[in-house]
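Worksheet: the structure to be examined is printed underneath.
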Amino acid sequence: MTGYDRHPGVPVTIVMPTYNEAANLPRMAELVLGLPIDGLHLKIVDDSSPDGTGRIAEELAEKYNWDGRRRMSVLHRTEKDGLGRAYVAGMTAALDEGAAYVVQMDADGSHPVEAVPRMLGTAVASGVGLVVGSRYVEGGSLDEEWGKHRVLLSRFANRYARTVLGTKIRDITAGFNLWSAATLRDVDLATLDSAGYSFQVELKFKAVRAGHSAVEIPIRFEERTEGVSKMNLSTQIESALVPLRLRMRNRRG
């Protein structure tokens, strides 16, 4: 047990975008809301999933919001316009509701829920504005179910973005991150351009450019067991273009 277990008085919101995650969400909600963090809140951002994920999320919120505690909420969006837009909506709502820290987490089980207290403890103890759950620092790893092609593509994408932007963050494309409220407010979420997965790169880059420090802790990234990946050609193209766009804008600035 560390001095940061349960983190009394620290409001933390986990923002979890969903689209057709009905098979995964009940288990994820159980795991997240079972974490030893007293001020934890789970916010689902559902993009009108046709498989009923939004309805399931509402039922789960009713189940977990008992004894006067609002432990889970659901933000329903009417259009599916990208992961980045969903995160901006959820993070903005979390800040408006008083979160001191905001965690990004996928609903497919690929991010280790048990790492959240360690990420929060690192942020509280060190005062950094960003803690990255990293696959590419010592101790980090990828599920063996990932094929060689996907591993090479992921590593190339990280190396490419890091080289173009000149950043020291080894897993700059990581989607499992913990942010301080002050960092997110300094970045100004409303100004972010990326709609898809490149949101992860843009937000980290702008946070570091604004003077906030980042720490990476190792995680094991698991393959999803239910559902299908939302990555498509348009998001891959955007992911390639965004680092170049950010570099050009930074040079002009």
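The values are calculated or read from the model by the stated rules, or taken from the named source; none is laboratory data. Because the structure is a prediction, the values reported are computed rather than measured. Cβ atoms come from the backbone with ideal geometry, glycine included; neighbour counts cover every protein chain shown. For accessibility, only protein heavy atoms count, side chains too; no ligands or nucleic acids. Shrake-Rupley method; radii C 1.70, N 1.55, O 1.52, S 1.80 Å.
For this structure, a couple of remarks:
- Extreme residue, surrounded by the most Cβ atoms within 10 Å (Cβ to Cβ), among residues of region 162-186 that are among the hydrophobic types (A, V, I, L, M, F, W, C) and at pLDDT below 95: 172
- If you go through region 187-202 and keep only what is among the acidic types (Asp, Glu) and open to solvent by less than 10 Å² (accessible area, probe 1.4 Å), you end up with just 202.
- For region 54-96, a residue qualifies if it is within 22 Å of residue 176 (Cβ to Cβ), of a type in the set (D, E, K, R) and in contact with a strand residue (DSSP E or B) (Cβ under 7 Å, 6 or more places away or on another chain), and the qualifying residues are 71, 77.
- Filtered residues of region 61-81 (kept if polar (S, T, N, Q) and assigned to a loop (DSSP other than H, G, I, E, B)): 65, 78
- Residue in region 34-52 that is assigned to a helix (DSSP H, G or I) and open to solvent by less than 40 Å² (accessible area, probe 1.4 Å) present: no
- Filtered residue count, region 133-155, keeping only those that are in a helix (DSSP H, G or I), open to solvent by 40 Å² or more (accessible area, probe 1.4 Å) and closer than 28 Å to residue 122 by Cα: 1
- Checklist (1) in contact (Cβ under 8 Å) with a residue 40 or more places away in the chain; (2) open to solvent by less than 20 Å² (accessible area, probe 1.4 Å); (3) part of a loop (DSSP other than H, G, I, E, B) applied to residue 10, failing item: (2)
- Within region 92-108, the residues that satisfy the criterion of being outside any loop (DSSP other than H, G, I, E, B) and more than 10 Å from the chain's Cα centre (by Cα) are 92, 93, 94, 95, 96, 101.
- Among the criteria (1) of a type outside the set (S, T, N, Q); (2) assigned to a helix (DSSP H, G or I); (3) closer than 24 Å to residue 27 by Cβ; (4) open to solvent by less than 30 Å² (accessible area, probe 1.4 Å), the one residue 84 does not fulfil is (3).
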